[in-house]
Amino acid sequence: MESPSIRAKTLPVRATDAAAASAVRHLLVDDESAGQRLDNLLLRALRGVPHSHVYRVIRSGEVRVNGGRASAQTRVEAGDQVRLPPMRLSDRAQSPVAPAREFPLLFEDAHLLAIDKPSGVAVHGGSGVSSGVIEQLRQARPQARFLELVHRLDRETSGVLLVACRRSALTALQAQFRQRGGDKPVGKTYSALVTGDWPASLARLDTPLHKYLTAEGERRVRTTASDDPQAMQALTLVRVVRRLGAFTLLDVTIKTGRTHQIRVHLAASGHPIVGDDKYGDFALNRRVARGEVGGVRLERMFLHARRLCITHPATGEPLDLRSALPADCARFAQALDNVHAASRAGTPGCDAAARS
């Protein structure tokens with residue numbers, strides 16, 4: 001027999017909850033939980049359930065919102081009924097406790113945090129990752145009553161990441177991110193190092209994108225035709241910052257927030273991001289990681305969220321949040337610049353090094 005509805009914020013699931021966990025339950029979305037993505041709602045509500053399992057039951061259609069299938073990105077509203085399948089766990093199946101970790105702060109007040117996320121750290125647990133920024137931050141700040149991601153960055157992307165400290169701040173900031181026009185749009189600018197000599201005339205990339213799963217179940221994105229029924233409109237603006245021989249350092253501003261948007265748009269233009277393990281030049285990536293290009297090793301993707309311009313959710317004042325280029329990226333860019341400068345000066349052997 002199915003259980004009655006319960007409020008979104010009171011749904012811990014532990015191994016000892018055998019009877020409750022083995023039954024279908026319904027979660028009633030309250031006012032405080034309205035506006036959240038479905039995956040974020042369940043990750044908070046189903047404490048003790050591995051994140052990978054939460055995403056698996058969403059993808060399989062076992063989680064229903066008002067009787068219909070929903071994706072992880074679906075935003076719930078107050079009064080929505082969320083059906084949850086049985087999720088009985090053994091003691092060993094419980095998620096490990098995330099390690100407590102603070103991250104470099106770019107801004108902090110009672111409403112939000114802006115952190116400088118390092119490369120290699122996921123923003124949240126799931127899909128084989130036991131914990132990410134948000135879980136580690138919650139462990140480091142047990143006194144915080146509310147901490148939620150406002151947006152996301154890929155695991156290998158570094159830079160400015162926002163965390164809301166109040167529900168009102170979360171909904172206001174997410175509304176800003178969804179806004180595509182208006183007088184105060186969110187400004188998101190990235191530093192990206194790409195292969196090849198980027199054409200100065202190629203400043204606007206607006207090819208639609210299509211999201212799909214590989215045979216192994218991994219998420220991927222490709223460019224597609226505008227008449228594709230699953231096409232997602234995407235707009236990326238590109239400006240050349242510096243030419244580094246066989247590479248180009250770019251400023252990339254996105255006007256839409258599609259999954260892997262920058263990576264796919266740049267790769268589809270014939271200039272993939274250095275170190276991109278999904279859409280890049282894999283042979284080149286291996287040489288870069290071994291230090292065979294420029295004489296300096298780079299063991300990450302060269303994509304950095306360097307600037308985020310928002311309106312403060314409480315005061316209405318503009319916030320211009322900036323993150324300096326990480327040391328490993330800066331060293332690699334400088335090494336390429338040195339090689340390029342020596343090549344222009346005619347130093348023997350440098351042309352080959354720049355092309356390697």
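The values are calculated or read from the model by the stated rules, or taken from the named source; none is laboratory data. Predicted model, so just to flag it, every value in this text is computed and none were measured. Neighbour counts are summed over all protein chains in view; Cβ atoms, including those assigned to glycine, are modelled from backbone coordinates with ideal geometry.
Suppose we filter segment 50-73 for residues that are among the basic types (K, R) and either closer than 17 Å to H26 by Cα or surrounded by 18 or more Cβ atoms within 10 Å (Cβ to Cβ) (or both); how many remain?
The qualifying residues number 2.
Just give me the residues in segment 191-230 being modelled with pLDDT under 95, closer than 30 Å to L244 by Cβ and not hydroxyl-bearing (S, T, Y), in sequence order.
Answer for segment 191-230, where residues must be modelled with pLDDT under 95, closer than 30 Å to L244 by Cβ and not hydroxyl-bearing (S, T, Y): A200, R220.
Can D197 be described as among the charged types (D, E, K, R) and part of a loop (DSSP other than H, G, I, E, B)?
In short, yes.
Let me confirm something: among A200, A234, A215, which residue is on the phi < 0 side of the Ramachandran plot, under 21 Å from the mean Cα position of the chain (by Cα) and not β-branched (V, I, T)?
Details: A200 fails: under 21 Å from the mean Cα position of the chain (by Cα); A215 fails: under 21 Å from the mean Cα position of the chain (by Cα).
So the residue among A200, A234, A215 that is on the phi < 0 side of the Ramachandran plot, under 21 Å from the mean Cα position of the chain (by Cα) and not β-branched (V, I, T) is A234.
Here is a list of conditions, (1) touching a Ser or Thr at 6+ places or on another chain (Cβ under 9 Å); (2) at pLDDT 90 or above; (3) not in a helix (DSSP H, G or I), and E62 meets all of them except one; can you say which number that is?
Status for E62: all satisfied but (1).
Scan segment 116-173 residue by residue and report those that are in contact with a Pro (Cβ under 8 Å, 6 or more places away or on another chain), in a loop (DSSP other than H, G, I, E, B) and modelled with pLDDT of 95 or more.
Residues satisfying the conditions are P118, S119.
Just give me the residues in segment 200-246 being among the hydrophobic types (A, V, I, L, M, F, W, C) and assigned to a strand (DSSP E or B), in sequence order. Before you say what the answer is, go through the steps one by one.
Applying the first criterion (among the hydrophobic types (A, V, I, L, M, F, W, C)) to segment 200-246 yields 200, 202-203, 205, 209, 213, 215, 221, 225, 231-232, 234-235, 237-238, 240-241, 244, 246.
Listed by number, the residues that qualify are L205, L209, L213, V221, M232, L237, V238, V240, V241, L244.
Report yes if G159 is assigned by TED's automatic domain parsing to the domain that holds I273, surrounded by 15 or more Cβ atoms within 10 Å (Cβ to Cβ) and closer than 24 Å to A34 by Cα, otherwise no.
no
This table checks each residue for (1) out of contact with any Pro (no Cβ under 8 Å at 6 or more places or on another chain); (2) closer than 25 Å to R152 by Cα.
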{"position": "E216", "(1), (2)": "yes, yes"}
{"position": "D227", "(1), (2)": "yes, no"}
{"position": "R263", "(1), (2)": "no, yes"}
{"position": "S269", "(1), (2)": "yes, yes"}
{"position": "D281", "(1), (2)": "no, yes"}
{"position": "N285", "(1), (2)": "yes, yes"}
{"position": "C309", "(1), (2)": "no, yes"}
{"position": "H312", "(1), (2)": "no, yes"}
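Can you find, within segment 44-59, the residue that is nearest to G132 (Cα to Cα) among those that are outside any helix (DSSP H, G or I) and of a type outside the set (D, E, K, R)?
Of everything passing the filter in segment 44-59, P50 is nearest to G132 (Cα to Cα).
For S343, all conditions in the list (1) among the polar types (S, T, N, Q); (2) within 26 Å of S201 (Cβ to Cβ); (3) out of contact with any helix residue (DSSP H, G or I) (no Cβ under 6 Å at 6 or more places or on another chain); (4) crowded, with 17+ Cβ neighbours inside 10 Å hold save one; what is the number of the exception?
Only one criterion is unmet by S343, namely (3).
Go through the residues of segment 70-77 one by one and say whether even a single one is of a type in the set (S, T, N, Q), under 23 Å from Q174 (Cα atoms), outside any loop (DSSP other than H, G, I, E, B) and modelled with pLDDT of 85 or more.
The answer is no; no qualifying residue exists.
When you go through T195, T157, T223, T207 one by one, which is the residue that is touching a residue at least 24 places away in the same chain (Cβ under 8 Å), in contact with a helix residue (DSSP H, G or I) (Cβ under 6 Å, 6 or more places away or on another chain) and within 19 Å of A267 (Cβ to Cβ)? Talk me through it step by step, then tell me what you get.
Working: T195 fails: in contact with a helix residue (DSSP H, G or I) (Cβ under 6 Å, 6 or more places away or on another chain); T157 fails: in contact with a helix residue (DSSP H, G or I) (Cβ under 6 Å, 6 or more places away or on another chain); T207 fails: in contact with a helix residue (DSSP H, G or I) (Cβ under 6 Å, 6 or more places away or on another chain).
The match here is T223.
Is it true that R290 is assigned by TED's automatic domain parsing to the domain that holds T195, over 12 Å from L193 (Cα atoms), free of Cβ contacts under 8 Å to residues at least 60 places away in the same chain and among the charged types (D, E, K, R)?
Spelling it out, R290 is indeed assigned by TED's automatic domain parsing to the domain that holds T195, over 12 Å from L193 (Cα atoms), free of Cβ contacts under 8 Å to residues at least 60 places away in the same chain and among the charged types (D, E, K, R).
Given (1) outside any loop (DSSP other than H, G, I, E, B); (2) touching a helix residue (DSSP H, G or I) at 6+ places or on another chain (Cβ under 7 Å); (3) among the aromatic types (F, W, Y), where does F177 come up short, assuming only one miss?
(2)
For residues that are of a type in the set (G, A, S) and touching a residue at least 40 places away in the same chain (Cβ under 8 Å), tally how many sit in segment 226-261.
So the answer is 3.
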